[in-house]
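I have placed the structure first, in the form of structure tokens, so that the comments after it can refer back to it.
Just so you know, all these numbers are worked out from the coordinates, no wet-lab data involved. What you are looking at is a predicted structure, and each value in this text was computed from that prediction instead of being measured. Cβ: placed from backbone, ideal geometry, glycine included. Neighbour counts: every protein chain shown.
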Amino acid sequence: MSCRGIKHGVIACLLAVICCGVALGQKATPCANCITLNKAQPPFRIFGSTYYVGTHGLSSILITSPAGHVLIDGDLPESAGLIAGNIRLLGFRIEDVKLIVNSHVHSDHAGGIADLQRRSGARVAASEWSAEVLRKGGVGKGDPQYGTLSPLAAVKNVSTFRDGESLKVGEITITPHLTPGHTPGGTSWTWKTCEGSVCYDMVYADSLNPISAPGFRFTKSREYPQAVEDFEKSFTFFETVPCDVLITAHPEVSGFWDRLALRERGVKPDPFIDSGACRKLAESGREKLRQRLADEGKR
Ligand SMILES: [Zn+2]
């Protein structure tokens, strides 16, 4: 759903802004925030065959190979054209994207997938829970934000994977890790990217923010009873995963633009290489959940 007009637009765009704890501090209308999230961002190489092709407010990652590419996240519905344009600017073809995957099925990360699939012809792979939402469109039952989310457009040709099952496109191997909590189907991704003999463990992290629709309790949800346990599993994953370069679904959550500014100033070692970044992400996620559960205890 677009941020322009129609009745759910205001809620959808507001949620797109707050969904992962992004405070833009604007007093403008929610749709103006959507425009901010969708601000154009020139694409660039993060490392090796891994490129940033998202908007300034929402990450989208292209991993390339001569036999086809992988795209992680499609951002907002209106982001699809920007992402396709960024892929072209880098000298690649959208038609060579063979696989599209996702962090979680909210409109600010999955809203552009249907359009990007039409442009590329790529297959889409998702966790069981997320795949059901993508196939049907709409909003998933059990989503902590159910009732306030913008419905997704249905996506064709969605396959599913098991936790830790490697997916291959040409020489690319990318591995999904179920990191639920923010949604029941949340998924983070790992792969290796090399430049010559130097290879790094790349991590694309799903949101770890415990926010919800009014009335939802992470401690007592009938629709999502294992929400707290799921978050705990996700924190443990980020505490233990090999992690040289962390990219978060909302780039600023991992200081992405600060790191880029330092890199552009020639700071060495490369500010994107930070083997402690995933542990820091887990720590901040644990703290947010602790605060949320303390608030729920007072209600
Ligand atoms: Zn979200």
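Figures for the structure shown
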quantity: Beta bridges per DSSP with both ends in the chain, % antiparallel, nearest 5; calculated: 65
quantity: Modelled FRET efficiency - R0 41 Å, Cys199 with Arg299, Cβ distances, 0.05 increments; calculated: 0.25
quantity: Kirkwood hydrodynamic radius of segment 90-159, from inverse mean 1/r over distinct Cα pairs, in Å; calculated: 12.3
quantity: Cα-only Debye scattering, segment 106-226: base-10 log of I(q)/I(0) at q = 0.09, 0.15, 0.16 Å⁻¹; calculated: -0.29, -0.75, -0.84
quantity: Straight-distance crosslink candidates among lysines, where the alpha carbon sits under 25 Å from Lys280 and sequence neighbours closer than 8 are dropped; calculated: Lys192, Lys233, Lys268, Lys288
quantity: Selection from Gln41, Ala153, Gly121 lying farthest towards where the dipole of the chain points positive, charges on Cβ; calculated: Ala153
quantity: Length-normalised contact order for the chain - Cα pairs under 8 Å, 6+ apart - percent; calculated: 14
quantity: Reach of Lys141 by Cα under 20 Å, taken over aspartates and glutamates that are not fewer than 8 positions away in the same chain; calculated: Asp108, Glu128, Glu132, Asp206, Glu223, Glu229, Asp230
quantity: The chain, dipole about Cα centre (Lys/Arg Cβ +1, Asp/Glu Cβ -1), debye to the nearest 20; calculated: 660
quantity: Total charge dipole magnitude, segment 255-299, about the Cα centre, Cβ charges on Lys, Arg, Asp, Glu only, Debye to nearest 20; calculated: 160
quantity: Longest to shortest principal axis, alpha-carbon extents of segment 222-299, angstrom; calculated: 51, 25, 18
quantity: Overall form of the chain per C-alpha gyration tensor (a/c, 1.5; a/b vs b/c); calculated: rounded
quantity: Rule-of-thumb Rg ratio for segment 181-236 [Cα; 2.2 N^0.38 Å; N residues]; calculated: 1.55
quantity: Positive-end residue of Cys278, Val267, Ile211, charge dipole of segment 204-285 with Cβ unit charges; calculated: Ile211
quantity: Principal semi-axes in Å for segment 51-167 [√(5λ), Cα gyration tensor, largest first]; calculated: 23, 16, 11
